[in-house]
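A short worksheet on the structure shown next.
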Amino acid sequence: MPIIKSAKKRVRQAKKAAIRNSKTKRSMKNSLKVFKESLVAQSKTLSKDQSIAQSNIDKASKKHVIHKNKANRLKSRLAKQAKNNPVNKKTTTKTKTSKKN
């Protein structure tokens, strides 16, 4: 246990920061879990879940809970998984465009 007053204050600040960081990390992990569940279930809300997950990853990166490169890597993987999901692969139909003469 610290004796010096400033060291005691740093301990208090570190506790608060640890709680704050764990909340941020937990919300990020929960949103990733929801995204993966909707990916497996091939849910219609996949793009919404992806958006929420990416937002939480960005928040964690901004608060320096995770490294920015890790955040970019996670977001890239999310996008790749969402793109390869059969629900998001829409059948594209070509429409005829009328040309004005």
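Just one of Lys23, Lys63, Lys44, Lys59 is of a type in the set (Lys, Arg), surrounded by fewer than 19 Cβ atoms within 10 Å (Cβ to Cβ) and under 15 Å from Lys75 (Cα atoms); which is it? Break it down stepwise before answering.
On the way: Lys23 fails: under 15 Å from Lys75 (Cα atoms); Lys63 fails: under 15 Å from Lys75 (Cα atoms); Lys44 fails: under 15 Å from Lys75 (Cα atoms).
It is Lys59.
Scan the stretch 42-70 for residues that are of a type outside the set (D, E, K, R) and closer than 13 Å to Ala82 by Cβ and jot them down. Outline the logic, then answer.
Residues of the stretch 42-70 of a type outside the set (D, E, K, R): 42-43, 45-47, 50-57, 60-61, 64-67, 69.
Residues satisfying the conditions are Gln42, Ser43, Thr45, Leu46, Ser47, Gln50, Ser51, Ile52, Ala53, Gln54.
Out of Leu32, Leu39, which single residue is part of a helix (DSSP H, G or I), modelled with pLDDT of 95 or more and closer than 13 Å to Gln81 by Cβ? Lay out the reasoning, then the answer.
On the way: Leu39 fails: modelled with pLDDT of 95 or more.
Leu32 is the lone residue from the list that is part of a helix (DSSP H, G or I), modelled with pLDDT of 95 or more and closer than 13 Å to Gln81 by Cβ.
Out of curiosity, is Arg12 more than 30 Å from Met1 (Cα to Cα) and in a helix (DSSP H, G or I)?
On the way: more than 30 Å from Met1 (Cα to Cα): no; in a helix (DSSP H, G or I): yes.
The answer is no for Arg12.
So Ser31 ticks every box in (1) free of Cβ contacts under 8 Å to residues at least 24 places away in the same chain; (2) under 25 Å from Ala18 (Cβ atoms) but one. Which box is left unticked?
Only one criterion in (1) free of Cβ contacts under 8 Å to residues at least 24 places away in the same chain; (2) under 25 Å from Ala18 (Cβ atoms) is unmet by Ser31, namely (1).
Do the conditions hold for Lys59, that is, is it under 15 Å from the mean Cα position of the chain (by Cα) and either in contact (Cβ under 8 Å) with a residue 24 or more places away in the chain or at positive phi (or both)?
Details: under 15 Å from the mean Cα position of the chain (by Cα): yes; either in contact (Cβ under 8 Å) with a residue 24 or more places away in the chain or at positive phi (or both): yes.
Yes: the conditions hold for Lys59.
Kindly establish whether Ile57 is at pLDDT 95 or above, in contact with a Leu (Cβ under 6 Å, 6 or more places away or on another chain), in a helix (DSSP H, G or I) and β-branched (Val, Ile, Thr). Give the derivation first.
Working: at pLDDT 95 or above: yes; in contact with a Leu (Cβ under 6 Å, 6 or more places away or on another chain): yes; in a helix (DSSP H, G or I): yes; β-branched (Val, Ile, Thr): yes.
Answer is yes for this residue.
The values are calculated or read from the model by the stated rules, or taken from the named source; none is laboratory data. For clarity, every value in this text was computed on a predicted model and none was experimentally measured. Here Cβ is always computed from backbone atoms with ideal geometry, including for glycine, and neighbour counts include all displayed protein chains.
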